[in-house]
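What follows is one structure encoded as structure tokens, with my remarks underneath.
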Amino acid sequence: MIDIIGKRKYFFTFSIVLILIGILFFVIRGGFNWDIQFEGGTIIKIEMLNNDYNQNDIGAKLEDMLKKDLTLQKETTYNPADNANTIALLSIKVSKDNTLTSDEINSVIDYLETTGLAKQDAEMQIQSVEPSIGNEMRNKALSAAGIALILIILYVWMRFRIMSGLATALTGIIALLHDALIMLTVYTVFNIPINEVFIAAILTIIGYSMNDTIVIFDRVRENTGKMYKANIETLVNTSIVQSLPRTINTLVSTLMTILILYIFAVIYNVVSIKEFAFPLIVGLTSGSYSSIFIATPLWMMWKKHQHIKNKFKS
């Protein structure tokens with residue numbers, strides 16, 4: 001039988017190393033890369049005539065015109081009218097300290113159209129958020145995630161009263177925090193903007209990961225009556241191994257769907273789908289990992305510590 005419990009220190013170490021890498025990049029980059037929804041600022045995406053333009057020259061001209069720092073990036077997206085071609089886009093981003101006014105946005109658009117760089121009456125996306133509104137949205141999103149965690153603690157606590165409900169709930173929450181930190185590590189390392197899509201993905205992963213953890217805890221509860229002569233390590237390890245086929249099959253079938261969706265989004269550059277599918281891939285993998293290698297071993301260690309403590313008292 002696979003000795004997962006006996007090798008738990010290796011799994012804990014692996015997770016700690018990944019999280020430390022995330023902390024290192026967090027320090028190097030000076031914090032998270034918040035998108036404008038959570039920080040404020042302006043983003044303009046406008047359809048260009050083609051990709052034969054120099055974004056550095058355009059940026060220098062616009063910065064001189066607006067007296068503000070800009071970040072320009074070439075992008076392409078799927079053209080629904082012609083599968084053989086893509087649409088050339090120019091993305092212009094302005095930080096929270098330099099949010100553009102309506103007149104400034106219009107002057108940018110007029111410049112690109114009059115110089116023949118952008119199409120006349122071009123398709124465009126404009127997002128402009130004041131810093132105070134962005135901070136408010138970020139705080140509300142974090143509050144929503146916090147409320148979800150509290151409700152999960154209460155639910156798991158009540159459901160697993162027979163096997164130390166509080167211990168089960170807290171170790172499950174530690175696994176969820178592990179998943180969130182792993183996702184934040186990936187976002188920090190690759191400098192991906194954190195926006196409302198990330199929050200939606202986090203809430204999705206919280207539900208998936210906790211469901212996976214509950215399945216294993218259910219098996220532990222069932223085996224408690226069947227293996228009453230076994231020690232706690234054998235009981236928990238057997239329960240994990242018995243749950244592995246179900247966990248792996250669920251993960252693989254779910255990942256196949258999300259991966260196909262992500263590959264489609266990459267090929268056709270569907271940004272909205274790509275932004276949602278990527279954190280799901282990371283979170284689903286981390287969620288299954290934490291259910292098997294983090295939550296249940298931690299619960300076993302908690303119970304073992306309680307047993308030794310009670311034995312010492314008696």
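Summing Lys and Arg as +1 and Asp and Glu as -1 over all other residues whose Cβ lies under 15 Å from the Cβ of ALA230 gives a net charge of +3.
Over the chain, all Cα pairs binned in 20 Å intervals from 0 give whole-percent P(r) values of 27, 46, 22, 6, 0, listed from short to long. A Cβ-based charge dipole, computed about the Cα centre of segment 41-129 with Lys and Arg at +1 and Asp and Glu at -1, lands at about 260 debye. As a proxy for reagent exposure, ranking TYR10, TYR228, TYR289 by other Cβ atoms within 10 Å from fewest up yields TYR228, TYR10, TYR289. Among the trypsin sites (Lys or Arg not before Pro) in segment 210-277, those located in a DSSP loop and surrounded by at most 11 other Cβ atoms within 10 Å of their own Cβ are LYS229.
Ordering THR213, ILE202, MET227 by Cα displacement along the dipole of segment 133-313 toward the positive end leaves MET227 in first place; charges were set at the Cβ atoms of Lys, Arg (+1) and Asp, Glu (-1).
Here is what passes the span test in the chain: the DSSP H helices with alpha carbon length of 27 Å or more along the helix axis and a Kyte-Doolittle mean of 1.0 or above are 8-29, 165-189, 232-267.
Values quoted throughout were computed directly from the atomic coordinates according to the rules given, and no laboratory measurement underlies them. Fair warning: this is a prediction, and the values are worked out from it, not measured in the lab. Ideal geometry is used to build each Cβ from the backbone, glycine not excepted, and the neighbour counts take in all protein chains shown.
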